[in-house]
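All remarks here apply to the structure that follows.
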Amino acid sequence: MNELLRLLKRDWPYFLILAAIFAVSVLLGTRLPEIAPDVARELEKQTMAHFAEIAKLMRGAELPSQIVIIWMNNMIASLTAIITGALLIPLLPLVLLMGNGLIIGLVQRLTETQGLSIARFYLALLPHGILELPAFFIAVYLGARFSLIPYRLIWHYAKYKQYRPFLKEYFHDMRYYAVLFVVMLLVAAVIEMTVSPMLVSR
């Protein structure tokens, strides 16, 4: 626990930057139909298809199974953000982050047209989002950081003429962060399937 707290204390500025990028992306998502109508339509189509696929999996399933489906869906999104770091392009995990922000902003816009207020929309997201989003930020951070390892090695060796085990350091940190975001996503899935629906139905 102490090691995890140390890592969070060290890395919180990066998470804050990711949160700011995400917030800007959400804002852009709300304006996307005006800025880029064709992109908005395509993103809406893909988002609705994804939601329909999840709804199909959950149809007729018991609550525990529904929780597992939501948890696995969010785990896949987080693991994708980490795995893209293996392509050694630091911007790719950030593109995923911005894409998710655009989707939330666009969905907010769509729900407004259906009579759901902005306050009610975010009230429904808040209980599980307060855990789900930080967990996703951790995954994006891990992905971006992994993609930077070769460049950091080159820079460090060019400057100090010494080798530093960045990969060993990365996997040490990832061990603690992985447990954290897996647990956060599981708790978020439980909340999403129990608390959040009640807030929307009121």
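Projected label points at residue 89 and residue 167, each 7 Å from Cα along the beta carbon direction, are separated by 2.2 nanometres. Axis angle, to the nearest 10 degrees, between helix 118-160 and the longest C-alpha principal axis of the chain: 20 degrees. Start at zero, step by 10 Å, and the Cα-Cα distances of the stretch 38-115 spread as 16, 37, 36, 10, 0 percent across the bins. Basic side chains Lys and Arg get +1 at the Cβ, acidic Asp and Glu get -1 at the Cβ, and with that the dipole of the stretch 1-62 about its Cα centre reaches some 180 debye. For the peptides 24-35, 134-145, the ranking by mean Cβ contacts within 10 Å, running from highest to lowest, is 134-145, 24-35. Considering only 179, 100, 124, and ranking their Cα positions along the charge dipole of the chain that arises from unit charges at the beta-carbon of Lys, Arg, Asp and Glu, the one farthest toward the positive end is 179.
The label point for residue 21 and the one for residue 76, both projected 7 Å from the Cα toward the Cβ, are 2.4 nm apart. Sorting 120-131, 183-194 by their mean Cβ neighbour count within 10 Å, with the most densely packed peptide first, gives 183-194, 120-131.
The simple Förster model, with R0 at 35 Å and r as the Cβ-Cβ distance, assigns residue 194 and residue 10 a FRET efficiency of 0.55.
Read-outs throughout are calculated quantities, based only on the coordinates presented, and are distinct from any laboratory measurement. These numbers were taken from a predicted model, which means no experiment stands behind them. Here the Cβ is made from the backbone with ideal geometry for all residues, glycine too, and neighbour counts use every protein chain on show.
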